[in-house]
Structure formats: C-alpha cells, structure tokens
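This report concerns only the one structure given below.
The values are calculated or read from the model by the stated rules, or taken from the named source; none is laboratory data. Keep in mind that what you see is a predicted model, and the values were worked out from it rather than measured. Reconstructed Cβ throughout: ideal geometry from the backbone, glycine too, with neighbour counts over all protein chains shown.
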Amino acid sequence: MEIFAILIIGAAAGWLGSVIFKGSGLGLLGNIVVGIVGSFVGYWLLGSIGVNLGTGWVGAILTGAFGALIVLFAINFLFRRLR
C-alpha cells in the first residue's frame, strides 16, 4: 500500500509541478519520477530551512510539487545548455 501511495503522491506532485512550470510534458511516468525525486528534494531543502508546508497527503503533494519545480528547472537548464 505504501508503494501505491508514493506513486499517487509522486504523480500528483509531478503533474502539479509541470503545470506550474509550463514546460514540456514528460508524460505520466516522467511526472511520477519527477514528483518522487522532487519530493526528496523538497523535503531536504524545506527541512534544512525549517519550513513545513503541511501534514498528510496535501502537505506531501505541496512539498513534492515544490521540489518538482526545482527538478524541472534543473532539467530544462541542463538541456537548454546542451543544445
């Protein structure tokens, strides 16, 4: 059940991050990966400065979306540099 929750939260966070960032879509699998990686980045970054975006599913999705924005920015920055 935990894996299912991680996938749902990752997909929601990745989708929300891609909607806010207005970048090119990565598809469902890409959104899940960006959301899960973004969750780790968001929890690490926000935790290091002492910020909490809430508890439960909503807090996890918001924190993951914040991290997903950072991950999407980094991906677009790197691929723009490589072109």
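Do we find a residue being crowded, with 21+ Cβ neighbours inside 10 Å and at pLDDT 85 or above anywhere in segment 42-59? Yes - at least one qualifying residue is present in segment 42-59.
Could you grab the pairs with beta carbons closer than 7 Å, sequence gap of 6+ or different chains, first residue in segment 1-22 and surrounded by 21 or more Cβ atoms within 10 Å (Cβ to Cβ), second one aliphatic (A, V, I, L, M) and outside any helix (DSSP H, G or I)? Close Cβ pairs (under 7 Å, with a partner that is aliphatic (A, V, I, L, M) and outside any helix (DSSP H, G or I)) amount to S18/L26. Within segment 45-73, residues that are without any contact (Cβ under 8 Å) to a residue 40 or more places away in the chain and closer than 11 Å to S18 by Cα have Cβ atoms under 7 Å from residues that are of a type in the set (S, T, N, Q) and exposed (fewer than 11 other Cβ atoms within 10 Å of the Cβ) in no pair, counting only partners at least 6 apart in sequence or on another chain.
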